[in-house]
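**Q** Below is one structure. I have some questions about it.
The values are calculated or read from the model by the stated rules, or taken from the named source; none is laboratory data. Remember, predicted model here, so these are calculated numbers, not experimental data. For neighbour counting, all protein chains shown are included, and Cβ atoms are generated from backbone atoms with ideal geometry for every residue, glycine included. These area figures cover heavy atoms from the full protein model, side chains too; ligands, DNA and RNA do not enter into them. Shrake-Rupley method; radii C 1.70, N 1.55, O 1.52, S 1.80 Å.
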Amino acid sequence: MSRKIFVLCISDSREKLQMAAMVASVAAASGDEVTVFFSMNAMLHFVKGRATEAAAEGEFGRLMAADKGVPSFKQLFAYAADLGDAKLLPCSMAVDLLKASAEDLDPVLGPPTGLTRFLSDAEGAQLFTF
């Protein structure tokens with residue numbers, strides 16, 4: 001039986017983004033319905049010309065940055081979308097604040113979505129926040 005998994009990403013911390021991507025990719029590969037909502041500082045990593053490297057909060061972030069065998073959070077989110085059909089949604093407010101056009105957004109992202117819609121869709125489902 002598949003579950004509905006909703007992941008809310010607001011941090012630009014390498015550790016939090018990596019864990020969110022791991023949850024999304026494993027759940028999607030396991031057949032769960034996955035929706036990831038990117039807002040606030042997490043959104044910066046999915047807009048051209050914005051943040052490229054996620055800051056490490058601690059030792060694990062530094063270890064992941066140094067170990068070339070660890071897939072990046074962006075790769076894991078792309079795997080979730082490609083292999084598990086996960087929905088990766090940018091926050092419409094964040095897109096507006098960043099003055100980002102559709103061409104500025106990472107192609108793995110779906111259409112900009114409002115928080116109200118995300119929370120409505122997530123009602124009664126499992127929600128993870130990073």
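**Q** Restricting to DSSP H runs of at least four residues, report the calculated mean residue ellipticity at 222 nm for the chain, -39500 (n - 2.57) per run over all residues, nearest 500 deg cm²/dmol.
**A** The helix contribution divided over the chain gives -11500 deg cm²/dmol.
**Q** Between GLY114 and residues 5 or more places away or on another chain, which pairs have amide H atoms under 5 Å apart, with H built 1.01 Å from N, and which residues are they?
**A** It is SER92, by chain and number.
**Q** Taking θ = phi - 60°, what integer Hz values does the Karplus form 6.51 cos²θ - 1.76 cosθ + 1.60 yield along region 111-117, in sequence order, with x for Gly and Pro?
**A** x, x, 9, x, 4, 4, 5
**Q** Using alpha-carbon pairs under 8 Å, 6+ residues apart, how would you state the relative contact order of region 6-130 in percent? Let's see the in-between values first.
**A** Numbers: 197 pairs, mean separation 47.0, N = 125.
Relative CO of region 6-130 lands at 38 percent.
**Q** Between ALA65 and THR116, what FRET efficiency comes out of the Förster formula 1/(1 + (r/R0)^6) with R0 = 25 Å and r the beta carbon distance, rounded to 0.05?
**A** Between THR116 and ALA65 the formula returns 0.10.
**Q** For region 1-96, which GluC sites (Glu not before Pro) are both in a DSSP coil and crowded by at most 16 other Cβ atoms within 10 Å?
**A** GLU53, GLU57
**Q** List, in order, the whole-Hz ³J(HN,Hα) value for each residue of region 85-92 obtained from phi through the Karplus relation with A = 6.51, B = -1.76, C = 1.60 and θ = phi - 60°; use x for Gly and Pro.
**A** 6, 5, 8, 10, 10, x, 6, 4
**Q** Pick from SER13, SER25, SER120 the residue whose mean-square fluctuation is largest in a GNM of the chain, springs joining Cα atoms under 10 Å.
**A** Greatest mean-square fluctuation among the candidates belongs to SER120.
**Q** Related question: Taking a 1.4 Å probe, which of LYS48, LYS87, LYS68, LYS74 shows the most accessible area, and what order do the others take after it?
**A** Reading off the accessible areas and sorting them downward yields LYS68, LYS48, LYS87, LYS74.
**Q** Oh, and also: Mind jotting down the distance between the C-alpha centroids of region 108-130 and region 52-67, whole Å?
**A** Between the Cα centres of region 52-67 and region 108-130 lies a distance of 27 Å.
**Q** Could you order ARG50, ARG62 by accessible surface area, starting with the largest, using a probe radius of 1.4 Å?
**A** Highest to lowest solvent-accessible surface, that is ARG62, ARG50.
**Q** Moving to a separate point now. So the label point goes 7 Å from the Cα of GLU33 along Cα→C-beta, right? Which residues of region 79-113 then have their backbone N under 17 Å from it?
**A** The answer is 81, 84-89, whose backbone nitrogens lie closer than 17 Å to the label point.
**Q** Among PHE118, GLY69, ALA54, whose Cα sits farthest toward the positive end of the charge dipole of region 4-129 (+1 at Cβ of Lys/Arg, -1 at Cβ of Asp/Glu, about the Cα centre)?
**A** About the Cα centre, the residue reaching furthest to the positive side is ALA54.
**Q** May I pose another question? Taking the chain as a Gaussian network, where each spring joins two C-alpha atoms under 10 Å apart, which residue of MET43, MET64, MET22 fluctuates the most?
**A** MET64
**Q** Taking θ = phi - 60°, what integer Hz values does the Karplus form 6.51 cos²θ - 1.76 cosθ + 1.60 yield along region 33-43, in sequence order, with x for Gly and Pro?
**A** Result, ordered by residue: 7, 10, 10, 10, 10, 9, 8, 6, 5, 5, 4 Hz.
**Q** Further question: Based on Cβ point charges of +1 for Lys and Arg and -1 for Asp and Glu, what charge dipole magnitude is obtained for region 19-130 about its Cα centre, in debye rounded to the nearest 20? Working shown, then result.
**A** Working: 8 positive and 14 negative charges, 55 e Å.
That gives a dipole near 260 debye.
**Q** Would you indicate which of [x] 0.95; [y] 1.10; [z] 1.00 is the value of Cα Rg over 2.2 N^0.38 Å derived from the coordinates of this structure?
**A** Label of the calculated value: [z].
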